[in-house]
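The structure appears right after this line, and notes come after that.
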Amino acid sequence: MTSHLWPSSFLAIPVLLFAGATLMVLAYRDLSVRRLPNAEVFAYAALFLLYAEVNGMGWAQIGSHAAIGAITFVVMALLFVLRIMGGGDVKLWSAVMLWAGPQGAITALVIATLCGSLLGIMGWLSQNILRRKRKPAGAPVFRMLSATRGVPYGVGLAIAGIHTLVVAGL
């Protein structure tokens, strides 16, 4: 008898936890240095293949997840060419959508967009606060969020990715 609270394979639990930890590291790096290192993004994407294996996903299901990731890459690469999005965000968007697949793509898109927009607003507000006051209370946080360094969109993507992992674990 299987519980609805556990993935179909007990081996999936450490994969989901490691993927979640990788997303948290990526979010922190984007906040602190505005970089999403290739190695961590690649590791997060590669963990999907391990997750698919331990859960017995078929080639058709893996293919549909890969197609969503590839379509996302093409769209986001266009935004990169137009200088609307950073290269690390393009890769992380693709990896998050690989995990989300067709069933979770819309939800991940909404979560990442809302969180990214909120971060953009917080960055703009932080920038204005820093402009008005030399050393406001909480200055390090305002500097971390400031839009002058770009929007740390990887944080919103990480939140969407973690949501996707939680759903996958149910």
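For the reader, a short list of remarks on this structure follows.
- Number of positions in the stretch 33-48 that are in a helix (DSSP H, G or I) and surrounded by 15 or more Cβ atoms within 10 Å (Cβ to Cβ): 7
- Qualifying residue in the stretch 134-142 (condition: crowded, with 18+ Cβ neighbours inside 10 Å, within 18 Å of A27 (Cα to Cα), more than 18 Å from the chain's Cα centre (by Cα) and not β-branched (V, I, T)): yes
- The residues of the stretch 52-80 that are hydrophobic (A, V, I, L, M, F, W, C), within 18 Å of L36 (Cβ to Cβ) and out of contact with any Lys or Arg (no Cβ under 9 Å at 6 or more places or on another chain), listed by number, are V75, A77, L79, F80.
- Matching option when the condition is modelled with pLDDT under 95 and exposed (fewer than 15 other Cβ atoms within 10 Å of the Cβ), among G123, G86, G56: G56
- When A112 is tested against (1) under 19 Å from N38 (Cβ atoms); (2) touching a Leu at 6+ places or on another chain (Cβ under 7 Å), just one condition goes unmet, and that condition is (1).
- Just one of the listed residues (R83, R132, R149, R143) is touching a Lys or Arg at 6+ places or on another chain (Cβ under 6 Å) and not small (G, A, S), and it is R149.
- Residues satisfying the stated conditions in the stretch 58-76, i.e. over 17 Å from A45 (Cα atoms) and in a helix (DSSP H, G or I): A60, V75
- Taking the stretch 143-170 as the range and being of a type in the set (V, I, T), surrounded by fewer than 22 Cβ atoms within 10 Å (Cβ to Cβ) and more than 10 Å from the chain's Cα centre (by Cα) as the test, the residues that pass are T148, V166, V167.
The values are calculated or read from the model by the stated rules, or taken from the named source; none is laboratory data. Here the structure is a predicted model, which is why all the values come from computation and not from measurement. All Cβ positions, glycine included, derive from the backbone under ideal geometry; neighbour counts span all protein chains shown.
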